[in-house]
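Okay, so here's the structure we're looking at.
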Amino acid sequence: MSGDLADRVLAAVRAALPDAALPAPLHAPEFRGREWDYLKDCLDTGWVSSVGAYVDRIERDLESFTGAPHAVAVSNGTAALDVCFRLAGVGPGDEVLVPTLTFVATANAITYRGATPHFVDSEEQTLGVDRARLEAYLQSVAKVENETCVNTRTGRPIRALVVMHVFGHPADIEGLVEVAARWNLVLVEDAAEALGSRWRGRHLGGFGRLAALSFNGNKIVTTGGGGAVLTADPDLARRAKHLTTTAKVPHRWAFEHDEIGWNYRMPNINAALGCAQLERLPDMLARKAELADRYVRVFEAVEGVRLLQPRDGAEVNHWLNAVVLDRPDRAARDRLLQTLNDAGYQARPLWTLMHRLPMYAGCPRDDLPVAEALEDRVINLPSSAALADR
């Protein structure tokens, strides 16, 4: 059965990518715009570090594209999450609700604050946090006391809720905003994979108090390494910029620092790369949508799997396309991964769930049946925009 399924999926991928040069990577960056011009400008002028015109420009460009009132460019997506949690008031002894179905950086950034990840389940349609299940779980383990959500089992404050938009698919963000408000939780959006995705016309990262973006080399827009913090709060934005520039008090020559900060500012040379990438983002989104449509057409006739598709009201960036097995089957999933990769089509499973990792095995958690089933069902397919050109 698993072998037959693997052969059917491989045939569908070949039909969607008939002229793809092999090996076909999962998601490769492309540089077709003014990247060389902007990088040369940095080298010619000597502005290559964390001060320069491109750092300011990429922040304005991100604000324009996403509609976020404020963007602060940082060195990577994990740094962006770290800043978000600091600004959300997360500290030692706190807990933060976070999906177990996420990349490890989300949980790691919580622990950087001295806090404890508290794992919750996901829903099958979006792969994001299950709003109804989270509400029921909080009713059983938490209470609001003196305007603070408290875990009645551990006695620790639950300070924030992280909503991760998996592969660029919007989670049930409006419902989760309501849950966070009802339980006095700061909502932080992990939008690392969601640049270009919108829910009912509103860009992801604009629903929570704070949001984190990533521009890693495998993201839809890359700065090599980089990220950004988004917020509508001007005070939080000013504080984010202050903290990420080593909390240095502005002065023409003196080195005065008024608190512990980080050297998290994005270098100008990385920002230059990102500015050129953002100029071409609409074209990349259009070609990735075309590739996703190809996958939709070929997988309609494939029994045993379905393609993960946007729900009504969602505009998805199609960062990574994914197929979902009809039922959990680790052996079938692994056979499929082996078949695709052996044939030159890079494919990968979901991340290992956070509660299965040794450093997080003892963290508090809800029952996680959906995430655990999805772990044995979801596979990403080659998704580079350039594949739509062939």
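Computed from the coordinates by the stated procedures, all read-outs in this text should not be read as laboratory data. For clarity, every value in this text was computed on a predicted model and none was experimentally measured. Positions of Cβ are generated from backbone atoms using ideal geometry, with glycine treated the same way; all protein chains shown enter the neighbour counts.
Listing for the model above:
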{"quantity": "Dipole moment magnitude, nearest 20 debye, the chain about Cα centre, only Lys, Arg, Asp, Glu C-beta charged", "calculated": "400 debye"}
{"quantity": "Amide H contacts under 5 Å for Cys149, placed H, 5+ residues apart", "calculated": "Ile158"}
{"quantity": "Zone of Ala331's modelled label, taken as backbone nitrogen in the range 1-32 under 15 Å from a point 7 Å along Cα→Cβ", "calculated": "1-6"}
{"quantity": "Listed peptides 50-58, 317-325 by packing density, highest first (mean Cβ within 10 Å)", "calculated": "317-325, 50-58"}
{"quantity": "Spatially proximal lysines relative to Lys288 (Cα-Cα < 16 Å; intrachain offsets below 8 disregarded)", "calculated": "Lys219"}
{"quantity": "Additional length obtainable on full extension of the chain from Asp56 to Lys143, 0.36 nm per residue less Cα span", "calculated": "27.0 nm"}
{"quantity": "Choice from Gly225, Gly67, Gly89 with maximal GNM fluctuation in the chain (Cα, 10 Å cutoff)", "calculated": "Gly89"}
{"quantity": "Cross-link reach list, aspartates and glutamates versus Lys143, counting only Cα pairs under 14 Å and skipping chain neighbours closer than eight places", "calculated": "Glu95, Glu135"}
{"quantity": "Packing-based ranking, highest mean first, of 96-103, 359-366 given that Cβ atoms within 10 Å are counted", "calculated": "96-103, 359-366"}
{"quantity": "Sequence-distant aspartates and glutamates (8 or more away, or on other chains) whose Cα lies within less than 16 Å of Lys248", "calculated": "Glu256, Asp258, Glu259"}
{"quantity": "Positive-end extreme of charge dipole, the chain - chosen from Asn216, Leu368, Val163 (charges on Cβ)", "calculated": "Asn216"}
{"quantity": "Within the range 35-279, percent of DSSP bridges classed antiparallel, to nearest 5", "calculated": "55 percent"}
{"quantity": "Distance in nm between pseudo-label sites at Glu30 and Ala361 (7 Å out along the Cβ direction from Cα)", "calculated": "4.4 nm"}
